[in-house]
Amino acid sequence: MRLMHTKLPDFLKKAVAAGKRINPDTEVTIEGFESMKSAKLASLRVGRIEEEIIELTSGNPNIKKIEIQMIPRVAETINTVIIKGVEADGSCPKAIMDTMFLTVPGEEVYLEGVGEISDRRAPLD
């Protein structure tokens, strides 16, 4: 299981490292993970995202910033990753969209040790 999944903090470090691989001065911003305390990502997708970040920075020497946004595509399962190469003047000559499968802990992790749980959610029909 260790080789199949990458922990969220490791992914964030890898994304920043990939953004700075060609030019160490490249700024890297990552959004969409702020509310996640723990998650695992598919390692093959992590590698693919790293390669796409490097593709953006190596293809254009004017790229000064990499912006990565993770937004839900299929709620709680598939997310869309948007990777943009931003030049110093703020223009964006190229962007890449991909998908990332994200597994987060279920509610039972947050409810461990609770004596009584009142589940008022609508049924999943």
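The values are calculated or read from the model by the stated rules, or taken from the named source; none is laboratory data. Treat the numbers as computed from the prediction; the structure is a model and nothing was measured. Cβ: placed from backbone, ideal geometry, glycine included. Neighbour counts: every protein chain shown. Surface areas here come from the heavy atoms of the whole protein model, side chains and all, with no ligands, DNA or RNA. Shrake-Rupley method; radii C 1.70, N 1.55, O 1.52, S 1.80 Å.
In region 21-42, how many residues are modelled with pLDDT of 90 or more and surrounded by fewer than 16 Cβ atoms within 10 Å (Cβ to Cβ)?
The qualifying residues number 6.
Just to be sure before I move on: is GLU55 open to solvent by 80 Å² or more (accessible area, probe 1.4 Å), among the acidic types (Asp, Glu) and modelled with pLDDT of 85 or more in the structure I sent?
yes
Is it true that some residue in region 26-40 is part of a loop (DSSP other than H, G, I, E, B), in contact (Cβ under 8 Å) with a residue 12 or more places away in the chain and β-branched (Val, Ile, Thr)?
yes
If you take the residues of region 71-99 that are open to solvent by less than 60 Å² (accessible area, probe 1.4 Å) and modelled with pLDDT under 85, which of them is nearest to the chain's Cα centre (by Cα)?
Residue satisfying both the conditions and the ranking: ASN79.
Quick check on my filter: what residues within region 1-13 are over 15 Å from LEU102 (Cβ atoms) and assigned to a helix (DSSP H, G or I)?
Correct list: LYS13 only.
Among (1) open to solvent by less than 50 Å² (accessible area, probe 1.4 Å); (2) modelled with pLDDT under 90; (3) of a type in the set (Ser, Thr, Tyr); (4) more than 16 Å from the chain's Cα centre (by Cα), there is one condition TYR110 misses while meeting the rest; what is its number?
(1)
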